Amino acid sequence: MTDVVKRGTTMRRRERLQGAGMDLALPYLLLAPAVLIVLAVLVYPLWDGLRASLMFYRYGKPLDFVGLDNYIQLWTDPQFLNSLWVTVRFVFFSVALETILGLALALFCLREFYGIRILRTILIIPMVITPVVVAIVFRLIYASDAGMLTAFSEAMGGGQVQILGDPLKAFTGLVVLDVWEWTPLMFLILLAGLQSLPQEPFEAARVDGAGPWRTFVDHTLPMLRPVLAIAIVLRTIDAFGTFDQVFVLTRGGPGEATRLLPILGYEMAFKFQQTGYAAALFVTIGLIILAFALFAVRMLKRAGPDT
Amino acid sequence: MTPNWKLSLTRAAIFVLILGVVLLPIYWMVAASFKSNAEITQDATLYPHVWTFDNYIRLFSEKEFANYLVNSLVATVVSVVLALIAGSLGAYAIARFHLKYRLERKIGLSLLTLRIVPPVVILIPVYLLMLSLKLLDTWLGLIITYTAFNITFCVWMMESFFREIPVDLEEAAMVDGDSRFTAFRRIALPLAAPGLAATAIFAVIVTFNEFLFALALTATPRAMTMPRGTATLIGRIDTDWASMSAAGVLGALPIVVFALLVQRHLVRGLTMGAVK
């Protein structure tokens, strides 16, 4: 009830603010530059990409309208299906590990202690450092002749360590890279979430004699769920578009072991000049992510009105 | 007393472990950038036995690293400034006005949806667009693309900052005779300055680091950005670890220094407003 009244007042207020004359055109003038640029550089290309995905290209020139042929071909193409599977596994393992580690780290830092500011500063570095350079850092770790792992192994009497030549190890290496780069983001979001939780339930739990694990499962986790969900959704969407790191670390190899969808799409478009087919692939990536985002928003809305 | 002491020790151990995991990989690259290739492959240790600056000197004399840096700075600064201007104007309209058919809300939601779609989805059509406009391998092509990407982000961020400012202040200014726009410029904009800074900082980092579109849209040192140049270089010198390390250090140094200087404002942008 009070909510309705309040909203009524703000609306009347806003209308009063709008004034008359030139001021009526003002909001449209304010919106125009942003909307026009976005229409030209983002929306038109989206439409154009959709159109290109329905065409057959040769040597970068559209030849025929082929309807949904590109999409049909895509979903029967073992290369695409493999890439999709690699991407799904990559996203799953990366985000799962980042969530678990990020949460553990946030719980660890919840109580103020000496050095926490240093820790927060240091943890910013992996997130802001250029992704291309992150890949260089990890090539210098994984390299069999000059890598850090080989150096450690040799110092302890072992031999060379091969990472990027083996499909499973290369894939694991890529997940490790992503976890190194993005766990700090999970940590920051979850720490802020933890710090904003009300204190009373925890005090009550302590009075009732609940141990730390029970408190975590019964109180922390349920109350943290909205923040946890947002963090996971943001990270998942982002991980789905991972390109730079793979491009520099492995180029998708060895074989197809780390060929994520964006890498496959890039190669289709620029190496093999299959513009229409690649466009269909990118549209498909977009649709998968949009579907996931809509699903996530639904789940969040059901979880509670205040999320 | 003993358990407490044990707890602090565990804490310290975890603390050191985290620092090590984050910093050691970066340190390894920095150390390698001061070593010769022979030393890197034959006797890799934690520190250079013989210090050399050749790797860096080579990058600047033979390779076009100075060019990359200039290109990056121009593309980043211009596109972020343009996006901030267009974005804050738009965000203000969305935050403060009621338009017909709730148009302002629909525009806001559309921009957010566009923000969610990863840029890679429109890679091909943007490339074709710049090809037809003859803007491949130019500053302008990069600037236009980055401005558009940044606008969706700026609108989304600035709208929430404007909403946090009480409307009463602008009303008071208008009662005192300000026009609607003057009230925005004199009252709302200065109050949103911290938001503007946070938005700019995050946009700068993302734009400076952008690689995929730089890869597709640029081809020569005339327009190549820092990440693009670095990636090309290491593509050519597959096993020249020393040069690769130096290129990595130079590629990341400007943005890491920048981020550490402004870290106070960073968190909100990084989490897309999920955390204030």
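The values are calculated or read from the model by the stated rules, or taken from the named source; none is laboratory data. Only a predicted model underlies this, so the values are computations on that prediction, with no experimental measurement involved. FYI the Cβ positions are ideal-geometry reconstructions off the backbone, even for glycines, and counts take in every protein chain you see.
Could you say whether any residue in the stretch A:208-217 is touching a residue at least 24 places away in the same chain (Cβ under 8 Å), part of a helix (DSSP H, G or I) and either surrounded by 15 or more Cβ atoms within 10 Å (Cβ to Cβ) or touching a strand residue (DSSP E or B) at 6+ places or on another chain (Cβ under 6 Å) (or both)? Scanning the stretch A:208-217 turns up at least one residue that is touching a residue at least 24 places away in the same chain (Cβ under 8 Å), part of a helix (DSSP H, G or I) and either surrounded by 15 or more Cβ atoms within 10 Å (Cβ to Cβ) or touching a strand residue (DSSP E or B) at 6+ places or on another chain (Cβ under 6 Å) (or both).
Scanning the stretch A:113-137 for residues that are buried (at least 18 other Cβ atoms within 10 Å of the Cβ) and more than 7 Å from chain B (Cβ to nearest Cβ) yields A:VAL134, A:ALA135.
Restricting the stretch B:133-152 to residues that are away from chain A (no Cβ under 11 Å) and in a helix (DSSP H, G or I), the residue that is nearest to the chain's Cα centre (by Cα) is B:LEU142.
Checked against (1) hydrophobic (A, V, I, L, M, F, W, C); (2) outside any helix (DSSP H, G or I); (3) closer than 18 Å to A:LEU123 by Cα, B:LEU46 passes all but a single condition, namely (3).
The single condition from (1) farther than 26 Å from A:LEU260 by Cα; (2) modelled with pLDDT of 90 or more; (3) more than 7 Å from chain A (Cβ to nearest Cβ); (4) buried (at least 23 other Cβ atoms within 10 Å of the Cβ) that B:TYR92 fails is (3). Scanning the stretch B:12-52 for residues that are touching a Leu at 6+ places or on another chain (Cβ under 8 Å), small (Gly, Ala, Ser) and either facing another protein chain (nearest Cβ under 8 Å) or on the phi > 0 side of the Ramachandran plot (or both) yields one hit, B:ALA32. Residues in the stretch A:124-144 that are within 18 Å of the chain's Cα centre (by Cα) and in a helix (DSSP H, G or I): A:ILE124, A:ILE125, A:PRO126, A:MET127, A:VAL128, A:PRO131, A:VAL132, A:VAL134, A:ALA135. Checked across the stretch B:101-115, the condition of being crowded, with 24+ Cβ neighbours inside 10 Å, in a helix (DSSP H, G or I) and more than 7 Å from chain A (Cβ to nearest Cβ) holds for no residue.
Residues in the stretch B:17-43 that are among the small types (Gly, Ala, Ser), in a helix (DSSP H, G or I) and more than 16 Å from B:LEU253 (Cβ to Cβ): B:GLY20, B:ALA38. For B:MET130, the requirement of being in a helix (DSSP H, G or I), in contact with a Leu (Cβ under 9 Å, 6 or more places away or on another chain), in contact (Cβ under 8 Å) with a residue 40 or more places away in the chain and closer than 29 Å to A:LEU140 by Cα is not met.
For (1) at the interface with another protein chain (Cβ under 7 Å from one of its Cβ atoms); (2) modelled with pLDDT of 90 or more, each residue gets a yes or a no:
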position	(1), (2)
A:PRO254	no, no
A:ILE263	no, yes
A:GLU267	no, yes
A:PHE272	no, no
A:THR275	yes, no
A:PHE282	yes, yes
A:LEU287	no, yes
A:ALA296	no, no
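Test A:ALA151 against the stated conditions and say whether it is farther than 23 Å from A:VAL233 by Cβ, assigned to a helix (DSSP H, G or I), in contact with a Pro (Cβ under 8 Å, 6 or more places away or on another chain) and aliphatic (A, V, I, L, M).
On the way: farther than 23 Å from A:VAL233 by Cβ: yes; assigned to a helix (DSSP H, G or I): yes; in contact with a Pro (Cβ under 8 Å, 6 or more places away or on another chain): no; aliphatic (A, V, I, L, M): yes.
No.
Of the set (1) surrounded by 22 or more Cβ atoms within 10 Å (Cβ to Cβ); (2) more than 7 Å from every other protein chain (Cβ to nearest Cβ); (3) out of contact with any Lys or Arg (no Cβ under 7 Å at 6 or more places or on another chain), all apply to A:LEU110 but (1). If you go through the stretch A:250-261 one residue at a time, do you hit one that is under 18 Å from B:VAL126 (Cβ atoms), crowded, with 23+ Cβ neighbours inside 10 Å and more than 17 Å from the chain's Cα centre (by Cα)? Within the stretch A:250-261 (the criterion being under 18 Å from B:VAL126 (Cβ atoms), crowded, with 23+ Cβ neighbours inside 10 Å and more than 17 Å from the chain's Cα centre (by Cα)), the answer is no, since none of the residues qualifies.
I need the full set of residues from the stretch B:239-252 which are assigned to a loop (DSSP other than H, G, I, E, B) and more than 10 Å from every other protein chain (Cβ to nearest Cβ), in order please. Spell out the reasoning first.
Taking the stretch B:239-252 and keeping what is assigned to a loop (DSSP other than H, G, I, E, B), we get B:239-240.
Residue satisfying the conditions is B:ASP240 alone.
Per-residue answers, yes or no, for (1) in contact (Cβ under 8 Å) with a residue 40 or more places away in the chain; (2) more than 30 Å from A:SER153 (Cβ to Cβ); (3) in contact with a strand residue (DSSP E or B) (Cβ under 7 Å, 6 or more places away or on another chain):
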site	(1), (2), (3)
B:THR10	no, no, no
B:PHE15	no, no, no
B:VAL50	no, no, no
B:THR76	yes, yes, no
B:LEU103	no, yes, no
B:LYS106	no, yes, no
B:LEU109	no, yes, no
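Conditions tested, residue by residue: (1) assigned to a helix (DSSP H, G or I); (2) facing chain B (nearest Cβ under 10 Å); (3) touching a residue at least 24 places away in the same chain (Cβ under 8 Å); (4) not aromatic (Phe, Trp, Tyr).
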position: A:ALA146; (1), (2), (3), (4): no, yes, no, yes
position: A:THR172; (1), (2), (3), (4): yes, no, no, yes
position: A:ARG206; (1), (2), (3), (4): yes, no, no, yes
position: A:MET223; (1), (2), (3), (4): yes, no, yes, yes
position: A:ILE237; (1), (2), (3), (4): yes, yes, yes, yes
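Being within 16 Å of the chain's Cα centre (by Cα) and either within 11 Å of another protein chain (Cβ to nearest Cβ) or in contact (Cβ under 8 Å) with a residue 60 or more places away in the chain (or both) is the requirement here; does A:GLY241 meet it? The answer is yes for A:GLY241.
Consider the stretch B:208-236 and keep the residues that are in contact with a Leu (Cβ under 9 Å, 6 or more places away or on another chain) and polar (S, T, N, Q). The one that is nearest to the other protein chains (Cβ to nearest Cβ) is B:THR230.
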